[in-house]
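In what follows, a structure is listed as C-alpha cells, so that the remarks can point back to it.
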Amino acid sequence: MSNQPELSFRESVDLMFNRAIETMDLPLGLAEQIRSCNSVYQVQFGVKLDNQYEVFTGWRAVHSEHILPVKGGIRYADFANQDEVEALAALMSYKCAIVMIPFGGSKGALKIDPRQYSEKDLEKITRRFAQELAKRDLIHPSLNVPAPDMGTGEREMGWISDTYQSLFPEQANGMGCVTGKPVHLGGIDGRVEATGRGVQFGLREFFRHPEDITRAGLNGTLEGKRIVVQGLGNVGYHAAKFLSEEDGAKITAIIERDGAIRSENGLDIEMVKAHIAEHHGVKGCPSADYTEDGASLLETECDILIPAAMEGVITKDNAARIQAPIIAEAANGPVTYAADEILRKKGTVIIPDAYLNAGGVTVSYFEWVKNLARIRFGYLERRNEERRGQIIVETLEKMLGTTVPPELRAQLTTGSDELALVRSGLDDTMRNAYNKIRDIFNTRDDVVDLRTAAFVCGIERIAKRYESMGI
Ligand code: GLU
C-alpha cells in the first residue's frame, strides 16, 4: 500500500464527483461549475465570557446555488476547518439533488468543543455567530437555511431562530430561517429522529431487492442481521433503535469515544444510551464485552457496518480489513476515496452517505414548507380521513354482517397526524431515490457502484437545472 498521505475530505469528495462525471456527457466546463464551492465566508468574532474575551472562528460555505435557498447544518467541533466545511457543503448539494429536495448545498461550522462550555456561554456564542451570519444573508429563509449537525441540536436552532427573528422582525417568513427547531418553536414532529429514520427506510428499501442482497453475499431480510454501529449520537441512536426494535436486526457492537461494547445476542439500545448518559461512555455497560480499542470493532465480522460518527473513519489503512459486506453510511464522508477503491475491489457494497443520510434534510424541507405555509401537516385532512374510515368500517360491517376487529377498526379510523405524514413523506423519498440510484447502477456499465450512481443521479439533476437556467 502506498505511503502517500490521504487526501483531504474535500479532495476525496471531488474525486468521487470526478469518477461520476467520467461516465457522463456534460457540456464543457459545466462539471467544474458544479464541483466548485461558490463561496466560503470565514468569520472571527469575540465573545465576553465572564471576565475574559474569547475569539471563535466559524465558517459558512455555499457550494451550489442552482436552487435557493441553500441548505445544510451547522457543526460545532474542535476539529472543524474550512476544507471540511466545503466538503460537507458539496455533499449537501448532491444529497438534496439525489433525493429531489429543492435546495442548493451549504454547510457551516464553528470551531469549538461545546462540552467545554456552559449552556449560558453556548447561547451567547451561538447568538453572536448567528448575528455574524445573518448580517451577510448566510442565514435567511429564502437564501440560506441552516440546521443541526454534529454538536448542535434543537436548542441551538431555537437560539438561531430567535436571534434572526429579533434582527428581522419584519421578515414574514422569519420562522423558516433555520430548521431542526424545537416543535414548540416552529419545528416539526419527526425531525429529531429523521436522519436515523431515513437510514432505516434506506436499508429497508435495499432489502426489498433480492439481487442487491445477493450481491452483498447475504440473503433474507433485516431480521436477525448483525449490525455494528459507530457512534450513538442522534443519528446512530435512532438508526440502531429503529432497526433493532422494528426490523428485528441485532446491534452486536457499538463503538463510542471511550471504546466499544459487543454482545452477539444484540444490545439493548435504550439501556446503552442510558448508560452513556450516566457514565459518559460505554465502559461498564451491563451484559456486554468492553474493549478500549473501539476502532478495532469496525473490522469485526458482521452483516452491516453503520458508521454514524464522523468523516474519514474508514481509510486506506483499515479498509482491507473491514469484514462487513455492507457499509451503510449514516455519517457524512466516513469512507475516504482511497478506502472506497479498496472496498469496491473487495466487493463490499456501500450504501452512500449522500443518499442514506438524506433523511435529515428531507424532514428539514418539510419543516421549512410548514413554516412558510404557517400550517401544520394534517390539520385540514385528519378528521375527514377519520370520518371516511368510519364510513368504510360501517359499510364493511353492514355488508359482511360481522364486526371489524378492534385493531383494524382503530387503524382505519385514525387520521394521519403530522408525525405519520412526515414519516410517510420520508419513506417515499428514500424509496424513490434508492430505486433511481439502483436503476442507474444496473443500466450503465461504466457506473461502478452505488456511490457513483448516486453522484450521477444528483449531478445530472443539477446540470439540467444549470443548463435550463442558461449558465
Ligand atoms: N446536517 C444534516 C446533514 O448533513 C441536515 C442538514 C439539513 O437539515 O439542512 O444532512
Only residues that are open to solvent by 10 Å² or more (accessible area, probe 1.4 Å) and either within 14 Å of the ligand (Cβ to nearest atom) or closer than 16 Å to Pro352 by Cα (or both): list them for segment 102-119, please. Pro102
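Looking at Ile437, Ile471, Ile392, Ile459, can you tell me which residue is surrounded by fewer than 16 Cβ atoms within 10 Å (Cβ to Cβ) and modelled with pLDDT of 95 or more? Before you say what the answer is, go through the steps one by one.
On the way: Ile437 fails: surrounded by fewer than 16 Cβ atoms within 10 Å (Cβ to Cβ); Ile471 fails: modelled with pLDDT of 95 or more; Ile459 fails: surrounded by fewer than 16 Cβ atoms within 10 Å (Cβ to Cβ).
The unique qualifying residue is Ile392.
Being open to solvent by less than 30 Å² (accessible area, probe 1.4 Å), part of a helix (DSSP H, G or I) and over 25 Å from Tyr337 (Cβ atoms) is true for just one of Leu91, Leu122. Which residue is that?
Leu122
Being in a helix (DSSP H, G or I), under 16 Å from the mean Cα position of the chain (by Cα) and closer than 30 Å to Ser244 by Cβ is the requirement here; does Val199 meet it?
Details: in a helix (DSSP H, G or I): yes; under 16 Å from the mean Cα position of the chain (by Cα): yes; closer than 30 Å to Ser244 by Cβ: yes.
Answer is yes for this residue.
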Among the numbered criteria (1) over 26 Å from Thr300 (Cβ atoms); (2) open to solvent by less than 20 Å² (accessible area, probe 1.4 Å); (3) in contact with a Lys or Arg (Cβ under 7 Å, 6 or more places away or on another chain); (4) not β-branched (Val, Ile, Thr), which one does Gly176 miss? (3)
Residue that is farthest from the ligand (Cβ to nearest atom), among those in segment 354-364 that are in a helix (DSSP H, G or I) and out of contact with any strand residue (DSSP E or B) (no Cβ under 8 Å at 6 or more places or on another chain): Tyr355
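Would it be correct to say that Gln44 is closer than 21 Å to Gln82 by Cβ, surrounded by fewer than 16 Cβ atoms within 10 Å (Cβ to Cβ) and among the polar types (S, T, N, Q)? Give the derivation first.
Working: closer than 21 Å to Gln82 by Cβ: yes; surrounded by fewer than 16 Cβ atoms within 10 Å (Cβ to Cβ): yes; among the polar types (S, T, N, Q): yes.
Judged against the criteria, Gln44 is a match.
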Considering every residue within segment 52-75, establish whether at least one is in contact with a Ser or Thr (Cβ under 6 Å, 6 or more places away or on another chain) and either over 29 Å from Val363 (Cβ atoms) or open to solvent by 40 Å² or more (accessible area, probe 1.4 Å) (or both). no
What is the number of the single condition among (1) within 14 Å of the ligand (Cβ to nearest atom); (2) among the aliphatic types (A, V, I, L, M); (3) surrounded by fewer than 23 Cβ atoms within 10 Å (Cβ to Cβ) that Ala147 does not meet? (3)
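The values are calculated or read from the model by the stated rules, or taken from the named source; none is laboratory data. Worth saying up front: this structure is predicted, and the values here are computed from it rather than measured. Quick reminder, even Gly has a Cβ in these numbers, built from the backbone with ideal geometry, and neighbours come from all protein chains shown. To get the accessible areas, we keep the full protein, side chains included, count just its heavy atoms, and leave off ligands, DNA and RNA. Shrake-Rupley method; radii C 1.70, N 1.55, O 1.52, S 1.80 Å.
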